[in-house]
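First comes the structure, then the notes that go with it.
The values are calculated or read from the model by the stated rules, or taken from the named source; none is laboratory data. Keep in mind that this is a model prediction, so the values were computed, not measured. Glycine also receives a Cβ, built like all others from the backbone with ideal geometry; neighbour counts cover every protein chain displayed.
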Amino acid sequence: MTSISGTGAIRVLPERVRNQIAAGEVVERPASVVKELCENALDAGARELVVELEEGGAKLVRVTDDGAGMGPEDLALAFVSHATSKLAEVDDLAHIATLGFRGEALASIGSVARARIVTRRAGETSGWSIEDEGGRLGAVVAAGAPLGTSVEVRDLFYNVPARRAFLKRTATELGRSLDVLQRLALAQLGTGFVVKHDGGRVFDLEREMGLAARVRRLFGAELAEALVPVEVEAGEVRLAGLLAPPRFSRSDTSRQMWFLNGRPLKDRVLARCLQEAYRGFNDEKRQPVAFLSLWVPPAAVDVNVHPTKSEVRFRDERRLFPFLLSALRAAVARTDMATPGGKLLAPFAHRPGGVWPVARSGERPPIEELEVREAPPALGSPPGALPTPEPASLVPGLLPSAEGRIGAVLQVADTYLVRELEDGIEIVDQHALHERVTYERLKAALRAGALEVQRELVPELIELARSEVHVLEEHLPALEKIGIELALFGPTTVAVHGLPALLKRRAGPRLVREIVAALADGEKLPGPEQLLDHVVHSMACRRSVMAGDALAPEEIRSLLEAAARLDHDQTCPHGRPTRVRLTLADLERAFHRR
Ligand code: ADP
Ligand code: MG
């Protein structure tokens, strides 16, 4: 191929150079090597994987498996590009069941590192090995080897200084490699994993361990115990996994894992679906924690859109997503949404040698000690500082109610309600709780078709941009169904003819602007359900008691009673907590009684 003669300027690149270029797509960093080698091992039917890393994987990645192994002829082709045992025809692409299929990974890796494979097939007495040093392929030679395959990749990018310069600190590369391994280990139940770094063990997962046990080993008991299972099936589509309560949500997605037909993937559409499922229970800037497997027929999904196969395209999104969303949403509703106050007290608890505890006693510490921990929430400076607080007052009228649920309540700074529970105390943010109560009321009224609409004799006029009017126009019938009656009045003017009576009078213009803004930056048109939800959401805020409003004892009572009747009263519709709970055990720890 390289024997081009003559003086022309165009020439076919030598295979070695082609591989190095392809390596730019497939091999970004040590974590990519970890991923490709492990996927190959899994494709070979491995039941046990040992992964050894040095310097985060930059110096060494070695993956040893007990899979099928290779004979000498196959081994000779393993480092050759577009050599694969997994795909023969383009037609096969529609039915891919293996993790790899492009036959690119080993050729790419071998072109930018010092790689070596040692392997032995079942039933054969001798093993074989081959080396690929920066694209210089050696011969297949006999070698003693246990059953299975061991692929070793040393000195990644040793011959591509520009790429090597982009590698980050060991801790960062290790973090990425471990992220890949965790995702694979949670996707591939039924396979055991042993992971070592610089000679020390990072984690091991026995083959028999199920998803919950694996999450517990990797991320600790506190999370594992709070998880709620999801399991639904419709035709050939199946969703199963575990979801965490909203309070475990994080600023990053490192604990949000999707697996599609056993393959870990980071798909923006699935991530958005999950975010949507938590809406109203989760701070929208935080990422829910979940471990979810989705099985669809291979023909229903295109995995060949990206060389690392971490993004996919679903062929029938319109039917798939409503199905996922309703299953996820139901599961989120089953989580325990209470906000424990014990965490807030932790900094005051007496702990020799450290303030912010990491490991729990009797439990292997979660593996990501390397990770930057989030700072503990600051106490004493809530956002939107309070006006000069009124002295705390005991609300007199609040003796136990008919249900016996509401005892004495202390109102603090016209904002917080403190009350006794059976096992401790609870602090309620009255504003947040009132938002939730109003939200649920409005939603119930809308659903029941019992929403009263207040019509205006003289419609209020709202000025908008032309583009906004245009966006709004499409939604007028849908908005009318939910009690918001608007009419176009001019190219940049909209008239408000009617609004739900529950809404404060002056809320109209603001509400319309919010709706327009939401419609304008949404990527696609929301369905009536979503629109309703959004509107109800905004209305709840407009209606609510603002922080600083004094509540009469009777109002406090009816607020707490109304909340007690709800299914979900632990967060406001925006996902902020409405209640923080301190158990007696928390208090004992805070006062060093235990
Ligand atoms: P792909 O996985 O896309 O087929 P790779 O370059 O990753 O391409 O691997 C090339 C081929 O080498 C595979 O198709 C497979 O036949 C063989 N191979 C690689 N790793 C292993 C392994 N651990 N055990 C058995 N065979 C392997
Ligand atoms: Mg592969």
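Taking every residue in the stretch 424-435 that is under 20 Å from ALA585 (Cβ atoms) and in contact (Cβ under 8 Å) with a residue 24 or more places away in the chain and pairing it with any residue that is surrounded by fewer than 24 Cβ atoms within 10 Å (Cβ to Cβ) and acidic (Asp, Glu), at least 6 positions away or on another chain, the pairs with Cβ-Cβ distances below 7 Å are GLY424/ASP586.
Among the residues making up the stretch 140-162, those that are under 20 Å from LEU77 (Cβ atoms) and under 35 Å from the mean Cα position of the chain (by Cα) are GLY148, THR149, SER150, VAL151, GLU152, VAL153.
The residues listed here are GLU39, GLU25; of these, the one that is of a type in the set (D, E, K, R), part of a helix (DSSP H, G or I) and more than 8 Å from ligand 1 (Cβ to nearest atom) is GLU25. The set of residues in the stretch 243-260 being buried (at least 20 other Cβ atoms within 10 Å of the Cβ) and part of a loop (DSSP other than H, G, I, E, B) consists of ALA244, PRO245, SER249, ARG255. Checking the structure you have, find out if any residue of the stretch 501-511 is surrounded by 17 or more Cβ atoms within 10 Å (Cβ to Cβ), touching a Lys or Arg at 6+ places or on another chain (Cβ under 9 Å) and part of a loop (DSSP other than H, G, I, E, B). Taking every residue of the stretch 501-511 in turn, at least one turns out to be surrounded by 17 or more Cβ atoms within 10 Å (Cβ to Cβ), touching a Lys or Arg at 6+ places or on another chain (Cβ under 9 Å) and part of a loop (DSSP other than H, G, I, E, B). So for the stretch 263-278 (the condition being buried (at least 16 other Cβ atoms within 10 Å of the Cβ), part of a strand (DSSP E or B), modelled with pLDDT of 85 or more and in contact with a strand residue (DSSP E or B) (Cβ under 7 Å, 6 or more places away or on another chain)), does at least one residue qualify? Yes, the stretch 263-278 contains a residue that is buried (at least 16 other Cβ atoms within 10 Å of the Cβ), part of a strand (DSSP E or B), modelled with pLDDT of 85 or more and in contact with a strand residue (DSSP E or B) (Cβ under 7 Å, 6 or more places away or on another chain). When the stretch 552-573 is filtered for residues that are assigned to a loop (DSSP other than H, G, I, E, B) and over 14 Å from GLU435 (Cα atoms), the ones remaining, listed by number, are ALA552, ARG565, ASP567. Selection of the stretch 218-242 for residues being out of contact with any strand residue (DSSP E or B) (no Cβ under 6 Å at 6 or more places or on another chain) and outside any strand (DSSP E or B) yields LEU218, PHE219, GLY220, ALA221, GLU222, LEU223, ALA224, GLU225, ALA226, GLY235, GLU236. Of all residues in the stretch 131-148, which are within 16 Å of ligand 1 (Cβ to nearest atom), under 16 Å from ALA105 (Cα atoms) and in contact with a strand residue (DSSP E or B) (Cβ under 7 Å, 6 or more places away or on another chain)? If the condition is that a residue be within 16 Å of ligand 1 (Cβ to nearest atom), under 16 Å from ALA105 (Cα atoms) and in contact with a strand residue (DSSP E or B) (Cβ under 7 Å, 6 or more places away or on another chain), then GLU131, ASP132 are the ones that fit.
Consider ARG255 carefully, then state whether it is without any contact (Cβ under 8 Å) to a residue 60 or more places away in the chain and over 16 Å from LEU324 (Cα atoms). Yes: the conditions hold for ARG255.
Quick one: GLU173 ticks every box in (1) acidic (Asp, Glu); (2) surrounded by 20 or more Cβ atoms within 10 Å (Cβ to Cβ); (3) touching a strand residue (DSSP E or B) at 6+ places or on another chain (Cβ under 6 Å) except a single one, so which number is it? With respect to (1) acidic (Asp, Glu); (2) surrounded by 20 or more Cβ atoms within 10 Å (Cβ to Cβ); (3) touching a strand residue (DSSP E or B) at 6+ places or on another chain (Cβ under 6 Å), GLU173 is out only on (3).
You will find that of ALA68, ALA41, the residue that is within 15 Å of ligand 2 (Cβ to nearest atom), at pLDDT 95 or above, more than 28 Å from the chain's Cα centre (by Cα) and over 17 Å from TYR158 (Cβ atoms) is ALA68 and no other.
For ALA105, state whether it is more than 12 Å from ligand 2 (Cβ to nearest atom) and at pLDDT below 95. Taking the combined requirement at face value, the residue does not satisfy it.
Suppose we keep only residues that are within 35 Å of the chain's Cα centre (by Cα), at pLDDT 70 or above and near ligand 1 (Cβ under 7 Å from one of its atoms) within the stretch 77-91. Which one would you say is surrounded by the most Cβ atoms within 10 Å (Cβ to Cβ)? Restricting to residues being within 35 Å of the chain's Cα centre (by Cα), at pLDDT 70 or above and near ligand 1 (Cβ under 7 Å from one of its atoms), the top hit is THR84. For the stretch 176-199, a tally of residues being of a type outside the set (Asp, Glu), in a loop (DSSP other than H, G, I, E, B) and surrounded by fewer than 18 Cβ atoms within 10 Å (Cβ to Cβ) returns 3.
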